[in-house]
1. For the subset of the range 189-235 comprising residues that are aromatic (Phe, Trp, Tyr) and buried (at least 16 other Cβ atoms within 10 Å of the Cβ), which member is modelled with the lowest pLDDT?
2. Tell me, please, whether a residue that is crowded, with 24+ Cβ neighbours inside 10 Å and assigned to a helix (DSSP H, G or I) can be found in the range 59-66.
3. Kindly provide the set of residues from the range 170-187 that are out of contact with any Asp or Glu (no Cβ under 7 Å at 6 or more places or on another chain), crowded, with 21+ Cβ neighbours inside 10 Å and either at pLDDT below 95 or over 16 Å from ALA87 (Cα atoms) (or both), ordered by number.
4. Does the range 9-27 contain at least one residue that is without any contact (Cβ under 8 Å) to a residue 12 or more places away in the chain and part of a helix (DSSP H, G or I)?
5. Can you run down the residue pairs with Cβ atoms below 9 Å, 6 or more apart or on separate chains, where the first is in the range 234-248 and more than 16 Å from SER15 (Cβ to Cβ) and the partner is outside any helix (DSSP H, G or I) and modelled with pLDDT of 70 or more?
6. Can you pull out every residue in the range 67-106 that is outside any helix (DSSP H, G or I) and farther than 23 Å from GLY193 by Cβ?
7. Would you point out the residue of the range 63-117, among those that are under 22 Å from VAL247 (Cα atoms) and either among the acidic types (Asp, Glu) or over 19 Å from the mean Cα position of the chain (by Cα) (or both), that is modelled with the lowest pLDDT?
8. Restricting to the range 118-150, name every residue that is within 13 Å of the chain's Cα centre (by Cα), of a type outside the set (Val, Ile, Thr) and either modelled with pLDDT of 85 or more or surrounded by fewer than 13 Cβ atoms within 10 Å (Cβ to Cβ) (or both).
Amino acid sequence: MPHLTPFQWLLVIISGVGIGVAKSGFAGVSLVHVVVFAFIFGARDSTGVVLPMLIAGDIMAVLAFRQHARWDYIRKLLPPAASGVFAGWWLMQHLRSAAFEPIIGWIIIGLTALQLLRMWRPRIYEHVPHRTWFAWAMGFLAGVTTMMANAAGPIMALFFVAVSLPKFEFVGTSAWFFFVINCFKVPFSVALGLIHPGTLALNAALIPAIGAGLWAGRWCVTRVPQQTFDALLLCFAAIAALRLIGVF
């Protein structure tokens, strides 16, 4: 079990709740736990700390929303996403550890900008053609991003908005997609030494927080305006990302 201060425990518990909320459909929340765990454990090591918690959240989300999944989209996205995981794994082997914080910072800034654009102009992605090349491009980008930063939620949200997937089908399809792709990532993270007994002990301690977040998110998804909720979280994520790249 990693040694954490009381304040760090508070942060990781809040982030665990955030993982559950993100798995219920509020994709913008996923950027917050990426930043928090990168600050506490380091940008590279945090990817292995977070991954088992994401899988726990995926399992809970699949159980809660499995009837809404669209397998035609899942089958279309998995091959390019798997290719992206291979690419991200190769980059993690060849990049210096010091390069990870700014890389994750820039990834978060880019995803935040895309999310804000989607919120400002909700119809901007509606005219993207339903073509195979678009699914492959977004799937590959999601694979790279999820391997390097566990931050592919907003990418998939943009794709599902572009193909006009209804809210509950978006949640169910995302749950199955990320469950499969996150399980696929485990051997790569183990090979990189990012998952070990110490991180798994922390993961086990935070499972109740993830469950609480999923329950809260499932309640909120039908009651709280997602645009307002995501806007505040994206602002905080952008500020933290600027800190990761050394702006202040």
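The values are calculated or read from the model by the stated rules, or taken from the named source; none is laboratory data. Everything numeric in this text was worked out from a predicted model, so none of it was measured. Cβ atoms come from the backbone with ideal geometry, glycine included; neighbour counts cover every protein chain shown.
1. Step one: of the range 189-235, the residues aromatic (Phe, Trp, Tyr) are 215, 219, 229.
Keeping just the survivors that are buried (at least 16 other Cβ atoms within 10 Å of the Cβ) gives 215, 229.
Values: TRP215: 87, PHE229: 59.
Among residues in the range 189-235 that are aromatic (Phe, Trp, Tyr) and buried (at least 16 other Cβ atoms within 10 Å of the Cβ), the one modelled with the lowest pLDDT is PHE229.
2. Checking the range 59-66: at least one residue is crowded, with 24+ Cβ neighbours inside 10 Å and assigned to a helix (DSSP H, G or I).
3. PHE170, VAL171, GLY172, THR173, SER174, TRP176, PHE177 - these are the residues of the range 170-187 that are out of contact with any Asp or Glu (no Cβ under 7 Å at 6 or more places or on another chain), crowded, with 21+ Cβ neighbours inside 10 Å and either at pLDDT below 95 or over 16 Å from ALA87 (Cα atoms) (or both).
4. Yes: one or more hits.
5. Every condition considered, no pair remains.
6. Narrowing the range 67-106 to residues outside any helix (DSSP H, G or I): 69-70, 95-96.
Result: ALA69, ARG70.
7. SER97
8. First, pick out the residues of the range 118-150 that are within 13 Å of the chain's Cα centre (by Cα): 141-150.
Those left that are additionally of a type outside the set (Val, Ile, Thr): 141-143, 147-150.
Matches in the range 118-150: LEU141, ALA142, GLY143, MET147, MET148, ASN150.
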